[in-house]
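The values are calculated or read from the model by the stated rules, or taken from the named source; none is laboratory data. Since the model is a prediction, treat every value here as computed from it, not as a measurement. No Cβ is skipped: glycine too gets one built from the backbone with ideal geometry, and neighbour counts run over all protein chains shown. Quick note on the areas: whole protein, heavy atoms, side chains included, nothing else; ligands and nucleic acids left out. Shrake-Rupley method; radii C 1.70, N 1.55, O 1.52, S 1.80 Å.
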Amino acid sequence: MTRSDKEKFMSAALDEAKKGWGETHPQPMIGAVLVESGKVVASAHIDRSGSRCPEAKLFESLGRSPAKTASLFVTMEPGPSSNRLESGVRAIVESGVKHVFIGAHDPVVEHEGKGSDALKEAGVQVERRIRIEDCEDLNLIFNHWINHKTPILAAKSATTLDGKIACRTGESKWITGEAARQNVMLWRRLFPAIGVGAGTLIEDDPRLTSRLDGEEEWCGVRFVIDGLLRTAMERFLPAIYTDDFRDNTIVVTTDAAGTGYIRRLETEGVNVWVLPAANMKVPFPEFRKKCYDVGINGIYFEGGSKLTSELLHMRELDYHFNYRAPILLGDDKAKPVYRGMRIEKLSHALRLDRVRNETYGDDQLMRGFVSYPPRLDVDETVFSNE
Ligand SMILES: NC(=O)c1ccc[n+]([C@@H]2O[C@H](COP(=O)([O-])OP(=O)(O)OC[C@H]3O[C@@H](n4cnc5c(N)ncnc54)[C@H](OP(=O)(O)O)[C@@H]3O)[C@@H](O)[C@H]2O)c1
């Protein structure tokens, strides 16, 4: 089989895996296809939490023994982290398939290679690393969770060419075009939780649901980061505190918040997490722990500027999505997305690693893992509670 054939069939396995988009937490998305005489003859994927391993499902759906020359393509190595070390390997060995192509390794370094070794011991030929970057990228939420035992905190921003998220008047709808906004909907559907700052909720009153063309509106957990419960002081509460999904809303606040406002929210059916804080700011390490305890493995923050900058300043942002539109304001009073750093050397800049570049209409998305410099000077005045 040529390299391009292998990549083509691994792409088919990736497409199969993506059928479980947003449905598999806390399991990863995994897809498998079986190829005979240059054609895909069976496929399977993890489709929900607790779903059986795709290899076993695939051979069951085939309903016969695979051909002697059949090849199996699977996007992630069967291993302890995905709970498939025994069942996935057993399903493959029992099927009699002798050629297996694997995309990503088991994400835990100490587990890496275990599934491949078990297959090789059983006489199966294994080739790894086929479209490995794409297969790893597919499970960025799961991989982070399983490796770091904490949810991945990601932030999205949509900016002009000069890094602004709103005009000087506050007008911010819309910076990017329809295709980029649909892509945001896709990520909202993948992450089990979305988060916003109090400022964005008050200014924009967003619904924070995923509305994909041709699909029903979907709502995961919705977090509001609001240290003083400013959002509960308004005469009219924001939509996400009163709509049909309000029991998915969790307001994260501090012990400095007024108990009357907490009661007001709870009476509406909104959940409130009160975290102990020294300075009226939600402590993100505590927030992570609480998310971990309730099994939320990823949060997709959608700003605004203060929240995103604070996550960076506190070195708590793990992943960043930056959509860039081909428009330019050139206005010093327009709202910048990132604020408050004092960086005097380029070598002290924050960087994105494992970068992926994608194009949506005229807009570009650059996304990647945030890598922090050893030294990060911050202009504290920007973040003080004025
Ligand atoms: N283009 C985009 O991608 C995008 C995305 C989202 C929003 N926006 C725009 O951004 C603007 C809003 O940005 P913003 O900077 O004003 O608001 P923001 O970041 O949404 O909210 C800031 C407020 O949230 C609270 N907050 C943030 N971090 C906190 C923490 N760790 N603990 C406790 N409270 C915390 C604080 O409330 P208190 O001051 O009450 O303590 C803070 O003032 C709007 O114009 C919106 O349209 C653009």
Fraction of the pair-distance distribution of segment 243-381 above 21 Å, Cα-Cα pairs, percent: 57
Accessible area in square angstrom per residue, the chain, 1.4 angstrom probe: 47
Charged-residue dipole, Cβ positions (Lys, Arg, Asp, Glu), segment 40-194 about Cα centre, Debye nearest 20: 460
Compactness of the chain, expressed as Rg and Dmax over alpha-carbon positions, Å: 23.0, 72
Extreme residue, positive dipole direction of the chain, given options His111, Ala232, Thr253 (C-beta unit charges): His111
Anchor Lys173: lysines whose Cα lies under 23 Å away (excluding residues fewer than 8 positions away in-chain): Lys156, Lys164, Lys306, Lys333, Lys335
Cleavage-rule hits (trypsin sites (Lys or Arg not before Pro)) in segment 230-290: DSSP loop, at most 13 neighbouring Cβ within 10 angstrom: Arg235
Residue-averaged [θ]222 nm for the chain, counting only DSSP H segments that reach four residues, each worth -39500 (n - 2.57): -8500 deg cm²/dmol
Beta bridges by DSSP in the chain, antiparallel share as percent, to the nearest 5: 45
Tail beyond 21 Å, pair distance distribution of segment 3-139 (Cα, percent): 30
Computed E for Ser61/Glu86 - FRET, C-beta separation, R0 25 angstrom, nearest 0.05: 0.75
Calculated from backbone phi, Karplus (6.51, -1.76, 1.60) coupling profile of segment 289-297 in Hz, x at Gly/Pro: 4, 5, 4, 4, 4, 9, x, 8, 9
At R0 = 51 Å, FRET efficiency that the Cβ-Cβ distance of Glu94 and Arg168 yields, to 0.05: 0.15
Virtual spin-label span in nm between Leu161 and Asp243, 7 Å along Cα→Cβ: 3.4
Asn271-Asp331 FRET efficiency (beta carbon distance; Förster radius 56 Å; 0.05 resolution): 0.90
Point-to-point label distance, Ala256-Ser4, nm (Cα→Cβ direction, 7 Å offset): 6.2
Share of carbon and sulfur in the accessible heavy-atom surface of the chain [1.4 Å probe, %]: 48
Over 27 Å between alpha carbons, listed pairs Lys281/Lys345; Lys57/Lys114; Lys114/Lys149; Lys19/Lys39; Lys18/Lys149: Lys281/Lys345
Charge-dipole axis of segment 3-139 as Lys and Arg at +1 and Asp and Glu at -1 on Cβ define it, positive-most pick from Met29, Gln125, Ile102: Gln125
Size of electric dipole in the chain: Cβ of Lys, Arg +1 and of Asp, Glu -1, about Cα centre, debye, nearest 20: 440
